[in-house]
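Chemist: Below is one structure. I have some questions about it.
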Amino acid sequence: MDSVQPKGKVSPCVEMIEACGEWFVRIVSDDGELTHSFEHESLAMAYAEGQRIRLRLDKVVRL
């Protein structure tokens with residue numbers, strides 16, 4: 001997770017990963033870091049895409 005830069009600056013990103021049958025979406029922005037869990041991949045992806053658009057990012061990073 002390469003969202004931390006020198007001198008405390010944060011590189012905004014939206015990351016998505018599956019673990020133990022559950023999907024997690026991690027949002028890193030100037031406001032902080034949030035992680036949400038979902039039972040279904042489609043719901044996780046929809047949420048991640050919405051956050052990507054909100055933060056004006058090019059892509060969702062799938063880990």
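Chemist: Could you please find all residues in region 46-62 being within 11 Å of the chain's Cα centre (by Cα) and not hydroxyl-bearing (Ser, Thr, Tyr)?
Modeler: Ala48, Glu49, Gly50, Gln51, Arg52, Leu55, Leu57, Lys59, Val60, Val61, Arg62
Chemist: Would you mind stating whether Ser37 is at pLDDT below 95, at negative phi and among the hydroxyl-bearing types (Ser, Thr, Tyr)?
Modeler: For Ser37, the condition - at pLDDT below 95, at negative phi and among the hydroxyl-bearing types (Ser, Thr, Tyr) - is not met.
Chemist: Return the residues of region 6-50 that are of a type outside the set (A, V, I, L, M) and touching a Leu at 6+ places or on another chain (Cβ under 8 Å); say none if nothing qualifies.
Modeler: Pro12, Cys13, Glu15, Trp23, Arg26, Ser29
Chemist: Looking only at residues that are closer than 16 Å to Val61 by Cα, free of Cβ contacts under 8 Å to residues at least 24 places away in the same chain and out of contact with any Phe, Trp or Tyr (no Cβ under 8 Å at 6 or more places or on another chain) in region 11-32, which one is surrounded by the fewest Cβ atoms within 10 Å (Cβ to Cβ)?
Modeler: Ranking the candidates gives Ala19 first.
Chemist: Which condition does Ala44 not pass, out of (1) in a loop (DSSP other than H, G, I, E, B); (2) surrounded by 12 or more Cβ atoms within 10 Å (Cβ to Cβ), if it passes all the others?
Modeler: Condition not satisfied by Ala44: (1).
The values are calculated or read from the model by the stated rules, or taken from the named source; none is laboratory data. Here the structure is a predicted model, which means the values were calculated and not measured. Positions of Cβ are backbone-derived with ideal geometry, glycine not excepted, and every protein chain shown enters the neighbour counts.
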